[in-house]
Amino acid sequence: MDLSSIDLRAIGAWFHGLLISSGMSQTGIHVIEALVGALLLLIFGLTLVIFLIWLERKLAGRIQDRLGPNRVGPYGLLQTVADALKLLTKEDVTPLDADRVPYNLAPGLAVFHVIMALAVIPFSNRVIGADINVGVLYLMAVGAIGSMAALMAGWASNNKYALIGGFRVVAQLLSYEIPLVLAMIIPVMVSGTMRMNGLAVAQGSIFGFGWFVWTLPLAFLIFFVASLAEGERAPFDLLEAESEIVAGYNIEYSGMKFAWFFLAFFMNSWVLAAIGTTIFFGGWQGPFVDQLPALGVIYFLGKTMILFFVQAWVRATFPRLRIDQMMSFCWKFLVPMALVLFAAVAIILKLNLPQPLEAITLLVANVAILLTGVTLLGRTQRKALYAPKRAFTPTIPRL
Amino acid sequence: MLQQVIFILMAIFTLGMALGTVTARNLFHAALFLVGTFAGVAVLYVLLEAEFLAVSQVVVYIGAIATLIIFAIMLSRSMMGKEAGAMNKQWLFAAGGSALLFIVLAMLLSKVPFATQVAPVPPDTIEQIGSSFVGVYVIPFEVASVLLLVALIGAIMLARERHG
Amino acid sequence: MLQQYGLIGMLALIALAFPFVVVGFTWLIRPKRPDPIKNSTYECGLETIGETWVQFRAQYYLFALIFVVFDIEAMFLFPFAVAFKQLGLFAVIEALLFVAMLAMGLIYAWRKQALEWQ
């Protein structure tokens, strides 16, 4: 069999031809194609989440010297399916004091925002829902809907824990959106496009040397840390904080509505990993991808899985931050570093250096800024540590 | 054809949400209706092929401004939970002001020469916006940064006053 | 161009409807046994005291305000970043001035201890 004939484009072209031959109007064809594309993305997302939940539980289990799910199906693979079926049949308790309409709307919006994000993710050169001009900004816009959903859930549950959780979500998601976005602007500046696929194409030189993670490692680090916070993951999971506020904004939700928040959480993590892959790890780029476009999908999913694995690893390993630490880490460390990096990259790119020299200068600047930042952070922290202790006043972090 | 249908549906949706914003008794609900209005306007921008405006609308208005409004509602104790009346003592002035604004807007709209021909939207609008920020419109661009700085300083001053 | 948004619009419709359809479906098969205790606000078994919607700290509002400023800054910087390749050195300096102005705001907030979570 000729492997190079496996081209996902061919399937699309075949389907397009089929629709034309059925004698439909132009608008009708567009509508049906959009419908099929949207359904494919939805099905992909749901199947993916079933796998991701299993993967994360298994990984956390192994990392913490447990077995993880191992009863239902081979290696416990069907555990999530069983859980989903169970949640489908569970009673749905709505607290009497809840603000009904926003309460019921919130889980739907949470799912809505993660599924919408799938639309601009380039799985391969041509396998992308919609390669729009404003791809990166679109993801930001979709994320804004997510924090709105959390705020609605927190408010409408009429529960103190939920409200505190909702507030923490918004404080955290809003704060970490700034370093996340600033870190995403830098690759946009280097490649000169906001299209998600354009960003992947721009990193296309051989054997991964063109990936932005090599020339802009600091931008990737800022992005990754901020994406942990945006994904509500440990060490930034204080908006769920089981031991303090029980479960955060989704405490009053049960049955399928809780399942939607759960699904949104896992899919959001994956989407953030996918964005990281696209922007910093060359997306679908890899060896022989020009000869065999279908390989791109495999590369893309593989790289995304590795990033997702690192996220899960961090989650299973690190303890939770306190809210004041979380906020100062963002505003006093990540944001200033991102701003300095932005300025440095802008200036270096305008020096018009020849190619290998430019990449090396970028790398050196990144490392230098990172080292300076870490040194300053270490110095101030040490100063705070050895500062003369005042009389003991219990510092209960206020809500 | 399809575009017109979507436009009409979205316009009705936006107007309905706007109506909800001003008539909702619960302030939190009013804020959520406002979010719906913003979303509707964003879709209208997409129909005009102004993608950058559409995403800015969502990012800035839904992501930032609406959140700020909800925070403000939650900060002011007197406004929360209770059903606020739609009428108060100032209704007469408010009605007068709104009527005046409506007249001004209506007059402006009747004077504006609306394009009846659809011009093709250039494909690289974002690049054009970007280069005009630092080109033709550099003064407003820099003034915007000063404005943002002033807003930041003002916010900090106000918040400090609350603490002290 | 609008064709691209056709898929997004369709996805929006489906993604908006789907969760509610599934919740509606579970309504058919799930048990429904409400109970005043079960439906009361969950607070680890204690009865809830006072209202939930109490006044919140001004700190949250302050951070939201700082966020708004930086969010708008980012919105301005994105088109600049896209056009970056065609811009001259002077234009880049103008944009850096824009960033510096906001960095000053951040420094001001820092010095005034507005970034402190008390």
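The values are calculated or read from the model by the stated rules, or taken from the named source; none is laboratory data. In this text, all values refer to a predicted model and were calculated from it rather than measured experimentally. As a convention, Cβ positions derive from the backbone with ideal geometry for all residues, glycine included, and neighbour counts pool all protein chains shown.
Considering the stretch B:122-146 alone, what residues qualify as being more than 7 Å from every other protein chain (Cβ to nearest Cβ) and either over 18 Å from C:Ile72 (Cα atoms) or charged (D, E, K, R) (or both)? The answer is B:Pro122, B:Pro123, B:Asp124, B:Thr125, B:Gln128, B:Val136.
Scanning the stretch C:103-114 for residues that are surrounded by fewer than 21 Cβ atoms within 10 Å (Cβ to Cβ) and facing another protein chain (nearest Cβ under 7 Å) returns C:Ala103, C:Met104, C:Tyr108, C:Trp110, C:Lys112. If you check A:Val36, A:Val93 for being in contact (Cβ under 8 Å) with a residue 60 or more places away in the chain and of a type in the set (A, V, I, L, M), only one passes: A:Val93.
Checking the structure you have, find out if any residue of the stretch A:24-38 is among the aliphatic types (A, V, I, L, M), farther than 30 Å from A:Trp155 by Cα, surrounded by 18 or more Cβ atoms within 10 Å (Cβ to Cβ) and outside the structural domain of A:Tyr253 (by TED's automatic domain parsing).
The initial filter retains those residues of the stretch A:24-38 that are among the aliphatic types (A, V, I, L, M), namely A:24, A:29, A:31-32, A:34-36, A:38.
Subset that is farther than 30 Å from A:Trp155 by Cα: A:24, A:29, A:31-32, A:34-36, A:38.
Filter once more, so that each one left must be surrounded by 18 or more Cβ atoms within 10 Å (Cβ to Cβ): A:34, A:38.
Cutting the leftovers down to outside the structural domain of A:Tyr253 (by TED's automatic domain parsing) gives us A:34, A:38.
Yes, the conditions are met somewhere in the stretch A:24-38.
Candidates in the stretch C:79-89 are the residues that are assigned to a helix (DSSP H, G or I) and more than 8 Å from chain B (Cβ to nearest Cβ); of these, the one that is farthest from A:Leu137 (Cα to Cα) is C:Leu89.
This table checks each residue for (1) in contact (Cβ under 8 Å) with a residue 60 or more places away in the chain; (2) surrounded by 13 or more Cβ atoms within 10 Å (Cβ to Cβ); (3) in contact with a Leu (Cβ under 9 Å, 6 or more places away or on another chain).
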site	(1), (2), (3)
B:Leu100	no, no, no
B:Ile103	no, no, no
B:Leu108	no, no, no
B:Val112	no, no, no
B:Tyr137	no, yes, no
B:Phe141	no, yes, no
B:Leu147	no, yes, no
B:Ala159	no, yes, yes
